[in-house]
Amino acid sequence: MDALRTLLSEYDVLAAFWMTIKLAVLSAIGSLIIGTVVAVCRVSPVAVLQWFGLTYVTLVRNTPLTLIVFFCAFGMSNTLGLTLAPTIIENNFRWGVVALSIYHASFVAEALRSGINTVPQGQAEAARALGLAFMPTLSTIILPQAFRGAIAPLGNTLIALTKNTTVVATIGVAEAAYVMRSMLEFNISLLYAIFIIMAAGFVILTLPVGIFFTYLSRKLTVQR
Amino acid sequence: MSVQSVLFDAPGPKARARHLGLAVVGGLAILGLLALIVRGLANPDNNQLTADKWKPFFTAEAWTAYFLPGIWATVKAAALAVVISAVVGILLGMGRLSQLAVVRLLCGLFVEFFRSVPVLMMMLFFYFFGLYALGITGSALSLFGVVAGLTFYNSSVIAELIRSGVNSLPKGQREAGLAVGMTPLQTLIAVLLPQAITAMLPSLVSQLVVILKDTALGYIINYPELIRAGQNFASSEGNLIPTFIVLAAIFITINYGLTRVARLLERRLQQSKRGGKTPPADPMLNPALAPQAGALVGDGRL
């Protein structure tokens, strides 16, 4: 027990999880922005934009996140010299956020598109039959239903994003998995305690999000 | 496409002209983006597009010494993880459907816990666990870490797929099994599971893509998978960015092929739909399948 206490005073676990939260929140915002743009492209009536959306999703979804993170940190930043911040730590953190945003944007785009797909054809036809113009149809009939249909997959994406922030440990951002690795390297006798503590941290982070989104999607689901 | 017709009416002459205008603007924007990328890669003092940065890929040594072993290591870990987690996942899924509340609870806890812990952390844990508790050393250690980490996560995901597959079967299937005198377990094994697994086959194949992508996480415990192999290659040739592009192309080709197989299976299953309703395979596309707390991110451990 004492050994564990010294360990916890030596390594700042809370700061590590705070870093995880920062990564998750910033990347969630970033991926929501990029993902919305891609989703709009995918459902637009313009063939070029549809093609762009589909290509983005296909390419990014099939690439490992690790590779995207490396491409950003080692390729863009180290090789091409495109730095986003003066210090190395801050720079890697920002490129990590960019990589996470790019990767998860493809899943956000698919979630939004699947939300639109849950709206039955008849809704739009009924709106047009009532004489609603394009914008009112979109804003009062289609999109409100589409967003509700997208809540559950968006929640899943957010949970996966939170867990995936651990991948930026590979470029030295001091988040939970990075701290866990350095803890394990020097205190292997506390293996189980360290794992339980770090895993519990993620359960605490993701479980409420899951419950909240389940509640939200149950509450807001359009009954058909 | 149905997507368009929900959002847009059939275009008239005015709308068609507007779409053309949008196409031109959008096309130009995309071309601009591409030009920006190419210019960034080909800037004069650090040109990534010169021939000597790309020539190394056309030597036999690049493939025999780096890429093929890397692909092999990645595929080996993924294949092992798939087989083991399919077996464990089916058992766990059966446990979650068990008549005994204790078994249900234990399997439920197991599944929920391992679904909410990042795979990377599990790999780290099993790597050090193998070293500390099992005394594994050498190259077997990192393979053990990768496969164990992948297995614990993916068997939980597969257990959930199995459970939702069984739950989406018509009630009559189970009732009929019990009515002809089979025990609940016999009903599950002989009647429900075969149907559930068939219906879930496309999702299981998509899960393969997730596993294959996740083997890349083995990088952190020094598993010699494709990305690490590529990095070793790049550091000897000094062409990091071209190597990353080639690596991405390899991953995309393999995974895209798998996705196509999943889609093909799905279409086959829909055609040969017998009696019962086939549950929609992709949980991302069907909110009803994914209301559980964790991330039933079929395609996406994201």
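Helix A:191-220 axis versus longest C-alpha principal axis of chain A: approximately 20°, rounded to the nearest ten.
Residues whose amide H comes within less than 5 Å of that of B:Q48, counting only those at least five positions distant or on another chain, are B:A42, B:N43 (H built at 1.01 Å from N in the peptide plane). Note on A:98-107: average number of Cβ atoms from other chains within 10 Å of each residue's Cβ is 1.
The mean number of partner chain beta-carbon atoms within 10 angstrom of a residue's beta-carbon across peptide A:42-53 is 6. Label sites at B:L28 and A:W51, each approximated as a point 7 angstrom past Cα along Cα to Cβ, lie 1.8 nm apart. Partner shielding of A:156-169 amounts to 6, given as the average count of beta-carbon atoms from other chains within 10 Å of each residue beta-carbon. Helices in chain B that qualify as membrane-span-like (whole DSSP H runs, Cα extent of at least 20 Å along the helix axis, mean Kyte-Doolittle hydropathy of -1.0 or higher) are B:13-41, B:68-96, B:101-116, B:139-167, B:193-214, B:240-271.
The slack between A:R224 and A:K22, meaning 0.36 nm per residue of separation minus the straight C-alpha distance, is 68.9 nm. Using C-alpha pairs below 8 Å separated by at least 6 residues, the relative contact order for chain A is 27 percent.
Here's how it looks for A:T221: its modeled amide H is under 5 Å from none belonging to a residue 5 or more places away or on a different chain. For chain A, the longest principal axis of the alpha carbon atoms and the long axis of helix A:143-164 meet at an angle near 20°.
Between helix A:13-43 and chain A there is an angle of about 20 degrees, using the helix long axis and the longest principal axis of the Cα atoms.
Quick note: the coordinates plus some simple rules give every number you see, no bench work behind them. Nothing here was measured: the structure is a model prediction, and the numbers come from that model. All Cβ positions, glycine included, derive from the backbone under ideal geometry; neighbour counts span all protein chains shown.
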